[in-house]
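The values are calculated or read from the model by the stated rules, or taken from the named source; none is laboratory data. The shown structure was predicted, so the numbers you read here are calculated from the model rather than taken from an experiment. Methodologically, a virtual Cβ is constructed for each residue, glycine included, from the backbone with ideal geometry; neighbour enumeration extends over all protein chains shown. Just so you know, the surface numbers come from the protein's heavy atoms only, side chains and all, with ligands and any DNA or RNA stripped out. Shrake-Rupley method; radii C 1.70, N 1.55, O 1.52, S 1.80 Å.
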Amino acid sequence: MAAPQLAVRRLPLAVVALASVLLLAGCAPGSGPIEDYPGLPVIEEETDEGADVESEDESGAEGEEEPEEEVAEPTGDEPYVIWLRDGGRLAITIWGSSTCPVVPTELRVTAEAGEGNAVEAVLPEQPNRPCTMDFVPHTTVFSTPMDVTTTEPLEVTIGDTVVIVPIK
């Protein structure tokens with residue numbers, strides 16, 4: 001009779017362990033897109049709480065501003081990739097037909113931080129249907145994978161193109 005009692009005692013432990021695993025799995029960002037929309041990425045202004053909008057001191061002279069980091073403007077010649085939300089997200093913009101946009105389905109880590117810091121945007125098969133011949137941007141946003149860092153340049157492979165995203 002000791003075997004059934006032992007199984008009954010272990011059941012609550014097994015339930016707690018299973019619930020913990022499911023809870024932790026829910027916290028990790030998935031590899032699929034979290035946003036998808038026509039157009040260029042929406043870049044939110046980042047402001048410090050309590051900071052003055054104007055940079056003038058009491059004498060009326062303007063304070064020195066920190067130089068802004070140069071960010072390449074999207075041209076459509078190649079995919080455009082930028083960090084969003086302080087590096088918590090990656091926006092990938094690909095130009096093509098507005099009726100048949102190229103929308104990456106997954107972001108796979110191909111080299112972890114410290115070992116290359118690289119990801120690959122997985123592209124779906126293009127539909128075998130008529131598409132308009134316009135040339136417009138379409139943006140797909142992903143959570144930044146846990147195995148990469150914003151403190152090293154990130155290499156993003158999209159089809160046959162490699163885009164280097166600078167340090168955030």
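Remark: segment 68-168 carries 56 Å² of accessible area per residue (probe radius 1.4 Å; ligands, DNA and RNA excluded). Between residue 122 and residue 78, the contour length at 0.36 nm per residue exceeds the Cα-Cα span by 14.2 nm.
Note on residue 151 and residue 99: with the Förster distance fixed at 30 Å, the Cβ-Cβ geometry gives a FRET efficiency of about 0.15. If you take the charge dipole of segment 108-168 about its Cα centre, with +1 on Lys and Arg Cβ and -1 on Asp and Glu Cβ, which of 123, 138, 148 is farthest toward its positive end? About the Cα centre, the residue reaching furthest to the positive side is 138. Put a dot 7 Å past the Cα of residue 37, heading toward its Cβ, do the same for residue 131, and the two dots end up 2.2 nm apart. Once backbone amide H atoms are built at 1.01 Å from N, residue 113 has 148, 149 as its partners under 5 Å, excluding neighbours fewer than 5 places away on the same chain.
Most tightly packed first, judged by the mean number of other beta-carbon atoms within 10 Å of their residues, the peptides 32-40, 80-88 read 80-88, 32-40. Listed values for segment 92-106 are Karplus-derived 3J(HN,Hα) couplings in whole Hz (6.51 cos²θ - 1.76 cosθ + 1.60, θ = phi - 60°), namely 10, 10, 10, 8, x, 5, 6, 8, 9, x, 8, 10, x, 9, 7, and x replaces Gly and Pro. Sequentially through segment 36-44, phi angles give Karplus couplings (6.51, -1.76, 1.60; θ = phi - 60°) of 7, 7, x, x, 7, x, 8, 9, 7 Hz, Gly and Pro residues having no value and appearing as x.
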